[in-house]
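Working notes, structure below.
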Amino acid sequence: MYRTETLLLILTSVGIPSLAYLPDVNIFTNYRTEVYNGIPSEIDTTPFVRIGDNYYYIEPMNKVNWFQAAGACRMMNAHLASIEDKPEMEALIKYMKAKGFKNNDYFWISGNDLGTEGAFYWMSNGRPMTYAPWNGPKQMPDNYGGNENCVHMFATREMINDANCKIQMLYVCEATEPKTFKFTYIKW
Ligand SMILES: [Ca+2]
Ligand SMILES: [Ca+2]
């Protein structure tokens, strides 16, 4: 007779790996592994919040420049956020509104044209900014003063702006997509 047991080992970039359930594991036992995107909903991802399919850290108080924000995200094994399509932006805005952020709360995201003026890329993944809602009363990006090379979003509108990277504002980090490794093994 045999029975199967499942070991859920959560390996994730959101915090340290957490062990959901650890039975008496014998490494010589037959086992099967499966890998899933995302993590089980019961796992606490604090300080990251899940919005849609993404995990964000939204800095609520501490205003820093773009470079400091990028460093703060790396300290959490994350990156400044890349908002790559309208649904992602709308979901984030909806969350920020619900949390009471106002439209003059600006958040650094990873977009920048530091490499080549006028060519905007996401620093977090190297891709060009194909989704870029440069809306607003002025036509952005305007590279105001000849020195606006970092991108921020607004908490309550689908809008981005290029700003001086040394300005201090809030920021949004985005965790790389976590994976769940599921081990199923046979115990004799
Ligand atoms: Ca610029
Ligand atoms: Ca601007």
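Listing 79, 152 from fewest to most neighbouring C-beta atoms within 10 Å gives 79, 152.
Projecting the Cα atoms of 135, 61, 164 onto the charge dipole of segment 49-175 (Cβ charges, centred on the Cα centre) puts 61 farthest toward the positive pole.
For segment 49-175, the relative contact order comes to 40 percent (Cα pairs under 8 Å, sequence separation of at least 6).
Straight-line cross-link reach from residue 102 at under 16 Å between alpha-carbon atoms covers these lysines, not counting any fewer than eight positions away in the same chain: 63, 94. Quick one: grab the alpha carbon gyration tensor of segment 49-175, order the square roots of its eigenvalues as a ≥ b ≥ c, and give me rounded if a/c is under 1.5, else prolate or oblate depending on whether a/b is larger than b/c. Rounded.
Bear in mind these aren't lab numbers, they're just calculated from the coordinates by the rules spelled out. Worth saying up front: this structure is predicted, and the values here are computed from it rather than measured. Using ideal geometry, Cβ is built from the backbone for each residue, glycine included, and neighbour counts are taken over all protein chains shown.
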